[in-house]
Amino acid sequence: MKRLGIVGGIAPESTIEYYRLIVAMYRARVTDGSYPPLVINSIDMNRMRGLIEAGRLDRLAEYLLGELQRLADAGADFALLASNTPHLIFDELQRRSPVPLLSIIGAALDAALALGLGKVGLLGTRFTMQGGVYHRVFARGGVEVVTPDEADQTYVHEKYMGEFIEGVFLPETREGLLAVIDRLREREDVEGVVLGGTELPLILRDPAGRGIPFLDTARVHAERAVAEMFS
């Protein structure tokens, strides 16, 4: 059985959800009542955010590589970043990491392909929506990625940073996000929506009658991690 390492705390609410998902998925596979072998390294969200906002992706890479080394030192056989935003530098991290890494974007692409989606909308932090990583990775699988307009991106980003990472999930914000999705669907005719922020599934747990699937990136990432434990 492989031991999983999680770089978490970015933000804490979704790290808690990852743990719950992984425990449930693992225990659905076993018959002996055991629990999954994993190590969580909860890092400083504010430090990561500050480096990204300052455009210091080189320093961000060094910071995250150091935290991955902590997981390796603790016995992790492979690892994941429990957040979409730091996947801006995933390729460099994967190349230099002391342990193999599982990409949340790769897992999301596989989920989109399994559903037969050809065009999806993307919600997340401004860094994720504008970073281009989802667009590039999904293009390799023939899936087009589109984002909300500038005003709606600002709304999603501000709610993310002002509410979600603080563990605040308000009914009125949920309605605001669904309105963003409705506008995006009307403008771009998307076939599904990627919840490209691991806090988003905590406020958008179901499509709420929108008629298109919402891809929970935390869940598909957790599924990939549990499969890797047993591989």
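The values are calculated or read from the model by the stated rules, or taken from the named source; none is laboratory data. The model shown is predicted, which means the values in this text are computed figures rather than measured ones. Cβ coordinates were reconstructed from backbone atoms using ideal geometry, including for glycine residues, and neighbour counts include every protein chain displayed.
The condition of being under 18 Å from residue 102 (Cα atoms) and either surrounded by fewer than 16 Cβ atoms within 10 Å (Cβ to Cβ) or out of contact with any Pro (no Cβ under 7 Å at 6 or more places or on another chain) (or both) holds for only one of 13, 53, 67, that being 67. Here residue 38 passes the criteria (1) of a type outside the set (Ser, Thr, Tyr); (2) out of contact with any Lys or Arg (no Cβ under 7 Å at 6 or more places or on another chain); (3) crowded, with 19+ Cβ neighbours inside 10 Å except the one numbered (2).
Please verify whether residue 176 is at pLDDT 95 or above and either β-branched (Val, Ile, Thr) or under 17 Å from the mean Cα position of the chain (by Cα) (or both), treating the condition exactly as stated. So residue 176 does not fit the description; no.
Each residue in segment 36-59 was checked for being farther than 19 Å from residue 218 by Cβ and not small (Gly, Ala, Ser), and 11 of them qualify. Each residue in segment 5-32 was checked for being in a loop (DSSP other than H, G, I, E, B) and without any contact (Cβ under 8 Å) to a residue 24 or more places away in the chain, and 4 pass.
Just for segment 143-169: of the residues that are small (Gly, Ala, Ser) and farther than 23 Å from residue 186 by Cα, which one is surrounded by the fewest Cβ atoms within 10 Å (Cβ to Cβ)? Quick ask: steps written out before the conclusion?
Taking segment 143-169 and keeping what is small (Gly, Ala, Ser), we get 151, 162, 167.
If we keep only those that are farther than 23 Å from residue 186 by Cα as well, we get 162, 167.
Working: 162: 11, 167: 13.
In this case the residue turns out to be 162.
Restricting attention to segment 70-97, the residues that are surrounded by 14 or more Cβ atoms within 10 Å (Cβ to Cβ) and not in a helix (DSSP H, G or I) total 10.
All conditions but one from (1) among the charged types (D, E, K, R); (2) under 20 Å from the mean Cα position of the chain (by Cα); (3) over 30 Å from residue 39 (Cβ atoms) apply to residue 205; the one that does not is (3).
Considered as a group, the residues in segment 117-131 that are polar (S, T, N, Q) and in contact (Cβ under 8 Å) with a residue 24 or more places away in the chain include one that is surrounded by the most Cβ atoms within 10 Å (Cβ to Cβ), and that residue is 128. Considering each residue of segment 212-230 in turn, none proves to be at positive phi and touching a residue at least 24 places away in the same chain (Cβ under 8 Å). Looking at 35, 63, just one residue is within 18 Å of residue 6 (Cα to Cα), in a loop (DSSP other than H, G, I, E, B), without any contact (Cβ under 8 Å) to a residue 24 or more places away in the chain and not polar (S, T, N, Q), and that residue is 35.
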